[in-house]
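Notes follow once the structure below has been shown.
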Amino acid sequence: MRRIDVIVVGAGPTGLFVASELALRGVRVCVLERLEKPDPTIKSGSINVASAEILDRRGLLPAAEEVQRLRMAAAGSFAAGRSNRMVRELTEGAMRTSRRFPVIGHFAGIMFRPDLVDQDDPVLAAHTAVANGIVVPQHELELLLGEHCARLGVEIRRGVEVRGLRSTGASLDDDADVIVETGAGDFPAGWVVAADGGRSVIRKRLGVDFAGTDPEMVGYQAIADFDDPSELRRGWTWTPRGIYTYGPVPGRVLVARFAPQPEDKDAPVTVEELQDAVRDVTGVPVTITGLHGRATRWSDNARQARNYRRGRVFLAGDAAHVHSPFSAQGLNLGLGDAVNLGWKLAATVNGQAPAGLLDTYETERHPIGAWVLDWTRAQVALLRGDERTAQLRKVVGGELFAVPGATDRMLALSSGILQRYDVAEDTADPVGSIAGDVELTSGTRLADHAHDGRFVLVDRSPDGRYADAIRGVEDRVASVADPAPLPSLFVRPDGVIAWACDDDADDHNTRKLLDAAIQRWVG
């Protein structure tokens, strides 16, 4: 079969987005997926702000906003007349069209309260443009990204099960092409991105250490029919046996209990198994009469690959890290991997990458993954049903979250907007952080100039003095003249600020730092 520049294994959100990033820069890419069609199983119910901004930078925000509009209409109908005030406030607030930071999410079931959030906080205020594109469930996100890939000409082969891979060189550590072995034949490729899930065949074939902590919880998520759900509480509820939530989508139930893992983790979740878990945790003798689609079973197994790269093979998404799904951190972490790796691998395939560029994928993303694992472990620890943990939750949710600025900080952390990379010698703010909302005097935003996956130089000097810094690399860097008394910015394709300066900064040193940033990241 013909050689492909890059093969992506797995057509989940991570795999689809990294494939689209490669195609955006002219790379020939093929996605191999075991399933015949997108999996409708209920999983993550939303994305965070950082992920919504990833979509925004590629022109996909309007599609995400439409998904949110439809989802919030359904949730609002479900919440109408209910006794749970927080559920109503959450859905009604999310349905408003406003430039306010979306107060959606929780920490160990402790909901972030809108009344404790300072919308004037400068960190939050810099990330509000995507407020109406957050409530995008994983299945709808996969459909959205699948359409995006189709527009870019990405080849997606479904029903193809990857069984292994081998190198055309002496070993997979060599700088040699890779052969992906499947039941449908062998696929030769220059590079491979493994986004094939927590039980990644490719990670196991590479022999990459996947160390971490064993699970303590068994969780279930489904959309089910109940004979009488009136005694199930809306919103997060802790019990001596675990935690559960019912809604805000009609019939949606999530339940998690501290219990041994099932003997067969691959067996489909039956109505009886789900009903037993719901009864055990809630203490309500409900009867489940049916399921809409398949129920999901999960655990708090938390592990991370020691390395994200082996020769010409990369691990991304759940193939690189797994943990409990609280707050949908896994989906968002995977999208972060994809947007970080995509442009770097594309530059390498196109022969335009500066030395060491691909190595920065692991050095930048591995610490973020480790932090998320600890973030989810902390939530599991706070979910225990004993009396002392319940008292601790009261302190955290009732006292600590009420401290001025505390909820702002927790909300920003869970939203992914505080990620920071070591990208330059200049470590002063905002270098290394995510750009967020950058409005321009033309009436456009920085995100509007990033749809084609290029770097963006926002030159705010009065005389356009920085424009010539990108001479010769205009195919990779978009230059936007925006005279204004604000910092000029050089932003990577993943939205990370690689250089910034005020107009009154030392011109010689400022230009030196800009040239260094371009040399380091563009080449």
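The values are calculated or read from the model by the stated rules, or taken from the named source; none is laboratory data. Given the structure is predicted, the values throughout are model-derived calculations rather than measurements. As a convention, Cβ positions derive from the backbone with ideal geometry for all residues, glycine included, and neighbour counts pool all protein chains shown. Ligands, DNA and RNA are excluded from the accessible area calculation, which covers all protein heavy atoms including side chains. Shrake-Rupley method; radii C 1.70, N 1.55, O 1.52, S 1.80 Å.
Asp482 meets the conditions (1) among the acidic types (Asp, Glu); (2) closer than 25 Å to His508 by Cα; (3) under 30 Å from the mean Cα position of the chain (by Cα) in every case but one. The failed one is (3).
In summary, Lys512 fulfils each of the numbered conditions (1) touching a strand residue (DSSP E or B) at 6+ places or on another chain (Cβ under 9 Å); (2) not in a loop (DSSP other than H, G, I, E, B) with the single exception of condition (1). Among the residues of region 155-167, those identified as over 18 Å from Arg28 (Cβ atoms) and either open to solvent by 60 Å² or more (accessible area, probe 1.4 Å) or among the polar types (S, T, N, Q) (or both) are Arg158, Glu161, Arg163, Arg166, Ser167.
Cβ separations smaller than 6 Å between residues 6+ apart or across chains give the following pairs from region 120-139 residues that are among the polar types (S, T, N, Q) to residues that are open to solvent by less than 10 Å² (accessible area, probe 1.4 Å): Thr128/Phe101; Asn132/Gln68.
Being more than 25 Å from the chain's Cα centre (by Cα) and either closer than 30 Å to Val135 by Cβ or in contact (Cβ under 8 Å) with a residue 12 or more places away in the chain (or both) is a condition met by at least one residue of region 291-307.
Scanning region 222-239 for residues that are buried (at least 19 other Cβ atoms within 10 Å of the Cβ), touching a Phe, Trp or Tyr at 6+ places or on another chain (Cβ under 7 Å) and assigned to a strand (DSSP E or B) returns a single hit, Arg234. When restricted to residues that are under 14 Å from the mean Cα position of the chain (by Cα) and open to solvent by less than 20 Å² (accessible area, probe 1.4 Å), region 121-141 contains 6. Going through (1) touching a residue at least 40 places away in the same chain (Cβ under 8 Å); (2) within 23 Å of Val49 (Cβ to Cβ); (3) under 19 Å from the mean Cα position of the chain (by Cα) one by one, Glu362 falls short only on (2).
For region 77-86, check the following and say yes or no: at least one residue is modelled with pLDDT under 75, of a type in the set (A, V, I, L, M) and either in contact with a Lys or Arg (Cβ under 6 Å, 6 or more places away or on another chain) or not in a loop (DSSP other than H, G, I, E, B) (or both). Yes, the conditions are met somewhere in region 77-86.
Quick check on Arg388: is it over 23 Å from Leu55 (Cβ atoms) and part of a helix (DSSP H, G or I)? Criteria met by Arg388. Among residues of region 240-259 being hydrophobic (A, V, I, L, M, F, W, C) and assigned to a strand (DSSP E or B), the one that is surrounded by the fewest Cβ atoms within 10 Å (Cβ to Cβ) is Phe258.
When you check Val473 against the structure, is it open to solvent by less than 20 Å² (accessible area, probe 1.4 Å), closer than 15 Å to Ala126 by Cβ and under 31 Å from the mean Cα position of the chain (by Cα), yes or no? Criteria not met by Val473. Selection of region 444-470 for residues being at pLDDT below 95 and either open to solvent by 40 Å² or more (accessible area, probe 1.4 Å) or within 19 Å of Val130 (Cα to Cα) (or both) yields Pro462, Asp463, Arg465, Ala467, Asp468. Before we move on, is Ala189 out of contact with any Gly (no Cβ under 7 Å at 6 or more places or on another chain), at pLDDT below 95 and either open to solvent by 20 Å² or more (accessible area, probe 1.4 Å) or not in a helix (DSSP H, G or I) (or both)? Answer is no for this residue.
For Asp408, only one of the following conditions fails: (1) exposed (fewer than 15 other Cβ atoms within 10 Å of the Cβ); (2) modelled with pLDDT of 95 or more. What is its number? Unmet for Asp408, out of (1) exposed (fewer than 15 other Cβ atoms within 10 Å of the Cβ); (2) modelled with pLDDT of 95 or more: (1). Among residues of region 451-466 that are within 14 Å of Arg492 (Cβ to Cβ), those with a beta-carbon under 8 Å from a residue that is buried (at least 17 other Cβ atoms within 10 Å of the Cβ) and among the acidic types (Asp, Glu) at least six positions away or on a different chain give the pairs Gly453/Glu21; Val458/Asp482.
Within region 192-214, restricting attention to residues that are part of a loop (DSSP other than H, G, I, E, B) and under 22 Å from the mean Cα position of the chain (by Cα), which residue is nearest to Ala381 (Cα to Cα)? It comes out as Gly198.
Are any residues in region 22-60 farther than 26 Å from Gly185 by Cα and not in a loop (DSSP other than H, G, I, E, B), and if so, which ones? Let's see the steps before the verdict.
Let us first name the residues in region 22-60 that are farther than 26 Å from Gly185 by Cα, namely 24-25, 40-60.
Within region 22-60, Leu24, Val49, Ala50, Ser51, Ala52, Glu53, Ile54, Leu55, Asp56, Arg57 qualify.
Cβ-Cβ distances below 8 Å connect the following pairs, each with a first residue in region 397-408 that is touching a residue at least 24 places away in the same chain (Cβ under 8 Å) and among the hydroxyl-bearing types (Ser, Thr, Tyr), a second residue that is open to solvent by less than 50 Å² (accessible area, probe 1.4 Å) and in a helix (DSSP H, G or I), and a separation of six or more residues or different chains: Thr407/Leu116. Within region 164-186, the residues that satisfy the criterion of being assigned to a loop (DSSP other than H, G, I, E, B) and over 22 Å from Leu345 (Cβ atoms) are Ala170, Gly183, Ala184.
Among the residues making up region 421-467, those that are in a loop (DSSP other than H, G, I, E, B), charged (D, E, K, R) and over 21 Å from the mean Cα position of the chain (by Cα) are Glu425, Asp426, Asp429, Arg460, Asp463, Arg465.
Whether a residue is closer than 13 Å to Trp238 by Cβ and either part of a helix (DSSP H, G or I) or not charged (D, E, K, R) (or both) was assessed, and Ala412 does not pass this test.
Filtered by the rule that a residue be of a type in the set (Asp, Glu) and either at pLDDT 95 or above or under 11 Å from Ala469 (Cβ atoms) (or both), region 488-523 gives Asp494, Asp515. Considering only residues that are touching a strand residue (DSSP E or B) at 6+ places or on another chain (Cβ under 7 Å) and surrounded by fewer than 19 Cβ atoms within 10 Å (Cβ to Cβ), look in region 481-509 and name the one that is farthest from Thr360 (Cα to Cα). By that ranking, first place goes to Ala481.
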